[in-house]
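Student: Below: one structure in structure tokens.
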Amino acid sequence: MTVRSLAGHVPSNDECDAERASTVAANGSAEHPGILDAVDVPIIVVGLDCKLIRFNCAAAETLELTPSDLRQRPCDIGALAGTEGLEKLCLQVIDDASPRRREIQYGDRRFVLRAAPYVGTSGQIEGAVLAFTNVTAFRASIEQAIYEREYTKTILNTVIDPLVVLDSKLHVQTANRAFYSMFGASRDKTQGVPLRDLGEADWKASALWESLAEMLAGDGDFRPFEIEREFPASGPRSVLIDARRVPRDGEATILLTLHDITDRKNAEKDLRRGQEELLDFVENASVGMHWVGPDGIIQWANRTELELLGYTRDEYIGRHFAQFHADESLGVDLLRRLTNGEEVHDCGAQLRCKDGSIRDVLINSNVLWEGDKFIHTRCFTRDVTQGKRAEEALRESERRFREMIDALPVAVYTTDADGRLSHFNPACIELAGRVPEVGKDSWCVTWKLYRADGTAMQPDECPMAVALKKGEIVRGEEAIAERPDGTRVWFLPYPTPLRDAEGRVVGGINMLVDVTERKRAEQALMDADKRKDEFLATLAHELRNPLAPIRNSLHILRAVNSSTPSATRVHDMMERQVAHMVRLVDDLLELSRISRGQIELKKATVGLATIIEHAVEASMPFIEKHGHQ
């Protein structure tokens with residue numbers, strides 16, 4: 001709660017009532033609590049020690065006082081706690097024996113505090129009486145009035161248009177800042193001056209003054225008045241003047257506004273010039289334009305439209321526009337849609353030219369309405385004949401390209417620049433074991449991918465993804481595709497980025513060559529070779545087993561019976577043959593070395609006669625059988 005002085009304060013009615021009540025309390029009538037309780041003004045009484053000794057019902061209600069607050073200092077009571085200078089005020093009143101006023105604030109409420117000496121029954125000052133008058137509404141109304149006055153002044157001075165108030169003699173009473181600026185005059189120099197005197201001869205002779213005088217006399221409303229004159233601050237300007245009669249007690253006044261329309265007038269000139277330029281632009285635009293009325297009759301067409309179709313203006317305008325459509329029903333349907341409030345955007349149509357040829361066009365059209373009235377359509381005709389033919393050629397080329405891809409025996413698919421699948425041939429379904437999803441599947445058509453070593457490959461690591469990211473042809477190594485049913489297929493990928501005319505990557509094409517059968521054949525050969533090696537190794541072991549006892553038997557025979565030359569020769573021959581057999585079996589055991597090209601050639605010096613003798617000896621059974629010499 002704050003306290004402030006009320007010097008120069010004009011008391012309200014409530015304050016006067018409070019003053020009378022505090023006077024009654026100060027003169028000793030406070031001994032009768034009923035009198036104070038009957039007063040709506042909160043009153044408290046403090047003793048010479050500035051402690052609370054009495055309060056009325058209004059004080060208890062307003063300041064939330066209770067009996068427990070008696071004998072407390074006012075500054076220690078909750079409602080009055082923190083009130084600066086309150087105790088000092090009480091002491092001054094007691095010492096000076098004269099009343100004092102202060103304004104205090106409690107929460108969002110304001111009070112006028114009147115402090116007067118409290119005279120006891122003995123006629124001596126025994127304390128002070130404090131009366132609290134609530135002036136919150138009174139203060140708010142004063143502040144609101146001040147605020148509204150300043151607010152109105154601010155608005156008027158903020159308004160761009162000059163405003164001036166004239167009395168019944170058309171003399172200037174007051175005006176806003178814009179008015180003084182426009183006329184190059186101050187408030188002091190224009191106060192009470194006739195408005196017509198603030199200008200040159202043309203301004204003084206204007207018919208404006210007669211119109212204002214008639215309005216003051218109540219002979220009719222003022223019609224906006226347009227003038228052109230030289231103003232000191234802004235030079236030559238076009239101004240639209242409007243006025244309103246303001247009735248008052250006694251003579252009426254006039255509120256006059258001066259709206260600067262110079263920019264608008266200049267804009268109108270620019271608009272007229274722009275319209276002329278626009279008409280020339282429309283007439284020579286690169287697209288055909290025409291208007292069609294609600295009955296379908298062509299009302300206007302530009303030069304481009306006429307040259308496009310080869311008609312003269314007279315041959316084209318005035319005829320039903322459906323007659324120029326190769327499909328007249330389409331023209332009728334277009335008019336129906338436009339009549340129903342639709343707008344036509346890039347509607348493909350074919351128009352019949354004067355020479356009998358057909359032009360492919362795109363039509364954009366809407367309707368100019370005035371309220372619910374159909375004025376005319378605004379149609380734009382764009383010739384797309386060459387583009388249409390190019391599109392047809394492109395579609396035909398694409399159709400052949402797709403047919404060629406679909407006919408290939410290998411899996412082929414295409415993607416966009418982001419890797420999303422755009423097309424695939426039937427071989428893809430067979431290889432992947434599923435039907436891929438166009439626009440959803442990315443990078444590859446297969447279910448799961450694995451490298452040749454069996455490790456998993458993420459979709460964005462597949463050869464197609466690498467080719468699109470690098471923008472280069474990738475010749476990937478063999479990979480494995482796992483189908484949804486768990487079977488696996490070996491394939492070789494051949495991804496290639498596709499580029500547009502400017503060299504940007506716009507997609508890719510990939511060919512997947514199924515090499516599963518080849519891999520199976522290679523595996524079968526490897527398995528057969530392995531089985532052959534295993535068979536030969538087993539055979540060598542089996543052949544070697546009986547050779548050892550044969551060799552031992554020969555040694556025994558030589559030891560037992562070696563006296564005759566014939567037996568010795570036979571023994572030698574058998575030992576040589578057995579040694580040869582052992583050598584052959586050893587070579588069989590080294591078959592793996594032969595497969596790797598690592599056969600070992602053991603060199604030794606042997607007499608030619610010995611070689612011939614051994615050869616004849618080995619062939620002797622065949623020689624003797626056939627009787628050769």
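The values are calculated or read from the model by the stated rules, or taken from the named source; none is laboratory data. Computed from a prediction, not measured in an experiment: that's the story for all the values here. Methodologically, a virtual Cβ is constructed for each residue, glycine included, from the backbone with ideal geometry; neighbour enumeration extends over all protein chains shown. Ligands, DNA and RNA are stripped out before the accessible areas are found, and what is left, the full protein with its side chains, is counted by its heavy atoms. Shrake-Rupley method; radii C 1.70, N 1.55, O 1.52, S 1.80 Å.
Student: May I ask you to give the solvent-accessible area per residue for segment 446-589, in square angstrom, as obtained with a 1.4 angstrom probe?
Tutor: 64
Student: In segment 456-518, which trypsin sites (Lys or Arg not before Pro) fall in coil by DSSP and have 12 or fewer other Cβ atoms within 10 Å?
Tutor: Sparse-neighbourhood loop trypsin sites (Lys or Arg not before Pro): R475, R504.
Student: For I358, put the label point 7 Å out on the Cα→Cβ axis and report which residues of segment 279-293 keep their amide N under 11 Å from it.
Tutor: So the set is empty, nothing qualifies.
Student: What is the spin-label model distance, in nm, from R223 to Q144 if the labels are put 7 Å beyond Cα along the C-beta direction?
Tutor: That separation, rounded to one decimal, is 4.4 nm.
Student: Further question: Just reorder I509, I473 by solvent-accessible area, largest first, 1.4 Å probe, all chains present.
Tutor: Final ranking, largest accessible area leading: I473, I509.
Student: Okay, next question. Evaluate the charge dipole of segment 29-133 about its Cα centre and quote only its size in Debye, nearest 20, assuming +1 on the Cβ of each Lys and Arg and -1 on the Cβ of each Asp and Glu.
Tutor: 200
Student: Continuing with the same structure: With a 1.4 Å probe and every protein chain left in place, tell me how much accessible area E342 has, in Å² to the nearest 10.
Tutor: Answer for E342: close to 80 Å² accessible.
Student: Tell me the angle of helix 262-283 to the major Cα principal axis of the chain, expressed in degrees between 0 and 90 and rounded to the nearest ten.
Tutor: Approximately 30 degrees, to the nearest 10.
Student: Right, here's the next one. Taking the Cα atoms of segment 339-462, report the difference between the largest and smallest coordinate on each principal axis, in whole Å and largest first.
Tutor: 77, 40, 20
Student: Rounded if a/c is under 1.5, else prolate if a/b is larger than b/c, else oblate: which is segment 49-114, with a ≥ b ≥ c the root eigenvalues of its Cα gyration tensor?
Tutor: oblate
Student: While we're looking at this one, here's another question. So if each residue of separation counts as 0.36 nm, and I subtract the Cα-Cα distance between T568 and D586, what length gain in nm does that give?
Tutor: Result: 3.8 nm gained on full extension.
Student: What is the Å³ per residue value for the convex hull set by the Cα atoms of segment 474-529?
Tutor: 87
Student: Same structure, new question: Specify which labelled value, from (i) 29.5, 95; (ii) 60.1, 186; (iii) 24.7, 76, agrees with Rg and Dmax of the Cα atoms in Å derived from the coordinates of the model shown.
Tutor: Computing Rg and Dmax of the Cα atoms in Å and matching it to (i) 29.5, 95; (ii) 60.1, 186; (iii) 24.7, 76 gives (ii).
Student: Can you pull the accessible area of W209 for me, 1.4 Å probe, Å² to the nearest 10?
Tutor: Approximately 20 Å² of W209 is accessible to the 1.4 Å probe.
Student: On a C-alpha basis, how far is the centre of segment 199-238 from the centre of segment 407-474 in Å? Whole number, if you could?
Tutor: So the separation of the two Cα centres works out to 85 Å.
Student: Highest first, please rank the peptides 228-236, 301-309 by the mean number of other Cβ atoms sitting within 10 Å of their residues.
Tutor: Averaged packing, sorted descending, gives the order 301-309, 228-236.
Student: Using a Förster radius of 25 Å, what is the FRET efficiency between A609 and H555 based on their Cβ-Cβ separation? Nearest 0.05, please.
Tutor: 0.40
Student: Helix 516-560: angle to the longest alpha-carbon principal axis of the chain, degrees 0 to 90, nearest 10?
Tutor: With rounding to tens, the tilt is 40 degrees.
Student: In nm, give the distance between the simple-model label positions of H171 and R303, each being 7 Å from the Cα along the Cα-to-Cβ direction.
Tutor: So the label points at H171 and R303 sit 6.8 nm apart.
Student: Using DSSP to call loops (not H, G, I, E or B), can you name the GluC sites (Glu not before Pro) in segment 493-544 whose Cβ has at most 10 other Cβ atoms within 10 angstrom?
Tutor: Here the GluC sites (Glu not before Pro) that fit, given the DSSP loop and packing criteria, are E502.
Student: Helix-derived [θ] at 222 nm for the chain: sum -39500 (n - 2.57) over DSSP H runs of at least 4, divide by residue count, nearest 500?
Tutor: After summing the helix terms and dividing by the residues of the chain, the value is -13000 deg cm²/dmol.
Student: Calculate the spin-label point distance for I53 paired with D418, positioning each point 7 Å from the Cα along the beta-carbon direction, and give it in nanometres.
Tutor: About 9.2 nm, to one decimal.
Student: Counting Lys and Arg as +1 and Asp and Glu as -1, each charge on the Cβ, what is the dipole of segment 175-309 about the Cα centre in debye, to the nearest 20?
Tutor: Using Cβ point charges on Lys, Arg, Asp and Glu, segment 175-309 gives about 640 debye.
Student: Among M573, M581, M464, what's the order by accessible area (1.4 angstrom probe), most exposed first?
Tutor: Ranking M573, M581, M464 by accessible area, largest first, yields M581, M573, M464.
Student: Of all the accessible heavy-atom surface of the chain, with the other protein chains kept in place and a 1.4 Å probe, what percent is carbon and sulfur?
Tutor: The value for the chain is 53 percent carbon and sulfur by accessible area.
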